[in-house]
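All remarks here apply to the structure that follows.
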Amino acid sequence: MSDAARRVLTARFGFAEFRPGQERVIDALVAGRSALAVFPTGGGKSLCYQVPALLLEGLTVVVSPLIALMKDQIDDLTARGIAAARLDSSVPFDEARAVTEQIRSGELRLLYVAPERFNNERFLALLHRTPIALFAVDEAHCISEWGHNFRPDYLKLARRARELGAERVLALTATATPTVVGDITREFGIAEDDAVVTGFHRPNLTLLTTAVAAAHRPALLLQRLQERPPGSTIVYVTFQRQAEDVARMLAAAGLEARAYHAGMEADDRARVQEWWAASDRAIVVATIAFGMGINKADVRYVYHAALPKSIESYAQEMGRAGRDGAPAVCEVLACGDDVPALENFAYGDTPTDEAIAGVVADVLSGGGGATFDVAEHALAAMHDIRPLVLRTLLTYLELDSYVHQGTPFYAGYRVRPIVDWPTVLSAFDADRAAFLRAVLAEGREGRTWTSLVPADIAQSLAVDRARIVAAIDHLGERGLIVAEASEARQRYTVLRATDDHGAAVVALADRFRRREAAETARIASVVGLICARTCQVAMLVGYFGEELAEGCAKCTACLGQVIDHLPATPREPIGLDRGALGALTDAHPLALGHPRQRARFLCGITSPAATRARLARDPLFGALRPYPFAEVLDWCVSQPATPPGRPR
């Protein structure tokens, strides 16, 4: 089938030859086998599913968390006359309905969706009725519990692919250690021979590291940008505020610089991205939200004005330079003050043992065989756990066979007629119109929308809930109403009945502590790479299982400029006003009652309870942000929250 693939490559995409690894992956897929593609950033992963999509009968579903990638690829594919579309929360109702019709008719060849889309029961029902030739999972390293960017929704994708009857699976990533490769192939059932790893060494990149104090870093960055020839540039920072401040500083010095971060409006981000992509010298100062899936080959410089959070992140971010094969420079301006800030992300995600115990008690209280559903955001808020962390906790319970996840559903809908309700009802015979009239009568009517709770209506009318949802779907599909789902709930069945939840709590707490240790170890690995006395490029590719026969002769270590340590701002011993903290704890015990909660608060880390209590406005919020979290936690454990002599 290679000849057919080559014809598609040339005729539809304009390339004469495949890049390394592409043909081997495509041959496996066309032969009916699943495959893994581990290619460096810019290595041509997308063609590994785009070419087969035009050779296979059926729909190709591409799962990606990167909306920018979806938009860019769909624009490119449609310009080539290839039927491709996406479904995500930003797609307008009319457009989403048109995409659904294309799927039903078999007209669509590629459908791009975010992993969270598989929590939509209507979407799952649609795919169950659709032949899926290829199920492609981008950023597949997210499936690994011990990878650098684990996402619970990803862990369920392998099962979803099997449930939907996908004929073959393609997993893709730019960053996977040998351990993560093993996790991916095992979960998706990919044979070892069909796991294609092309290597991480990019000889056209010069990797430099410079140690600098935090106060001097902006000036050093400006100096670098002014002394080197202009070129398309990305400057990575950690926080949104940093992106704004650095971009403003560079622009004031006469450089073409703009900020980009997730806190900006979507339209503003799109404008910055388009402005940068169209220029050969523009500078974008961005958080890690930028660059994923953007197809720009001529990036000449990537600067890290803050430490990367992991070697995987560093490889991915610096890999956006020099994708055209021409020389490019990547430089990390490293400061020891970055380490506590990065560690706070890891520590902030670890729930207290008490919070874990509360969730376990709520989830397993029904005993074996019991079914229940949860609103994840509400459950997360109740136990002061971030929603993503709660989903991870529930995933762990499923992995340990305590519960089984069912099909998600929406508890509520709101609907409005395109014209008016009498016109909608007139489209049906008397019996169906009467049923719809009864459903609407059970809803709560507003000025424009009618709110419906299918479970309550089903009970009131003595019918199945599925019939109510099917009726709403049918009206939407016929273009008679606009329907919006709300209150997502997740179904579960308890598999193991036990009155003693202690073992589950201990296992979960240990798992979170191990994840916390793994994340902080990744930060330490970045520091180790920067301070290495041997070839840093060899260390970098060695981390991913690749060997470099000799030094690169281009990195900081090979150039003989060894970094002994990272400068850090001296810190005084913690001298916080315990009285003020105690009074605040008394006023907000649900948000600050546990030492870890207080440590998070003092380090400037938000939580559902702290957000609900609006504690980010308090002067003490983030008062100890420069201190390592472990040090702050020890201080909170050793110091009573309330001064002696004052009752709690």
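Some points to look at:
- Approximate shape of region 2-197 as ellipsoid semi-axes (Cα gyration tensor, √5λ), whole Å, largest first: 23, 21, 15
- Rounded to the nearest 500, the 222 nm mean residue ellipticity of the chain from helices alone is -13000 deg cm²/dmol, with -39,500 (n - 2.57) taken per DSSP H run of at least 4 residues.
- Based on alpha-carbon atoms, the Kirkwood radius and the radius of gyration of the chain give Rg/Rh equal to 0.98.
- Each principal axis of region 144-187 carries a Cα extent, and these read 29, 18, 16 Å when sorted largest first.
- FRET efficiency, A433 to D94 (Cβ-Cβ, R0 25 Å, nearest 0.05): 0.50
- Residue ranges 206-213, 400-407, 597-604, 318-325 sort as 597-604, 318-325, 206-213, 400-407 when ordered by packing (mean number of other C-beta atoms within 10 Å per residue, highest first).
- Using only alpha carbons, region 14-96 has a radius of gyration to Kirkwood radius ratio (Rg to Rh) of 0.97.
- Placing R0 at 22 angstrom, the Cβ-Cβ distance between R444 and E477 gives a FRET efficiency of 0.40 after rounding to 0.05.
- C-alpha center-to-center spacing [region 383-453, region 12-40] in angstrom: 41
- Cα-based equivalent ellipsoid, region 403-524: semi-axes from gyration tensor eigenvalues, Å: 44, 19, 11
- Low-density loop cleavage sites - GluC sites (Glu not before Pro) in region 246-291, where at most 12 other Cβ are within 10 Å (DSSP): E265
- Set of region 557-590 residues, backbone N closer than 17 Å to the point 7 Å along the Cα-Cβ line of H216: 561-570
- Loop-located trypsin sites (Lys or Arg not before Pro) in region 430-490, at most 14 other Cβ atoms within 10 Å (DSSP): R447, R478
- When the alpha carbon gyration tensor of region 98-191 is reduced to an equivalent ellipsoid, its three semi-axes come out at 26, 13, 11 angstrom, largest first.
- As a length-normalised measure over Cα pairs under 8 Å and 6 or more apart, the relative contact order of region 554-648 settles at 32 percent.
- In the chain, Cα pairs under 8 Å separated by at least six residues give a relative contact order of 13 percent.
- For region 365-458, radius of gyration divided by Kirkwood radius, i.e. Rg to Rh on alpha-carbons: 1.15
- Per-pair calculated FRET efficiency, R0 = 41 Å: E572 and A270 via Cβ, rounded to 0.05: 0.40
- Values of log10 I(q)/I(0), in the order q = 0.20, 0.26 Å⁻¹, for region 578-638 under a Debye, Cα-only, solvent-free model: -0.65, -1.14
- Beta bridge orientation in the chain: antiparallel %, DSSP, nearest 5: 30
- Evaluated at q = 0.20, 0.29 Å⁻¹: base-10 log I(q)/I(0), Debye formula over Cα of region 24-65: -0.64, -1.21
- A straight line joining the Cα centroids of region 327-371 and region 603-622 runs 17 Å.
- Cβ-placed point charges (K, R +1; D, E -1), dipole of region 1-155 about Cα centre in debye, nearest 20: 280
- Among the GluC sites (Glu not before Pro) within region 103-148, those in coil by DSSP and having at most 13 neighbouring Cβ atoms inside 10 Å are E107.
No value in this document is a laboratory result; all are computed from the given coordinates. Model, not experiment: these values are computed from the prediction. Reconstructed Cβ throughout: ideal geometry from the backbone, glycine too, with neighbour counts over all protein chains shown.
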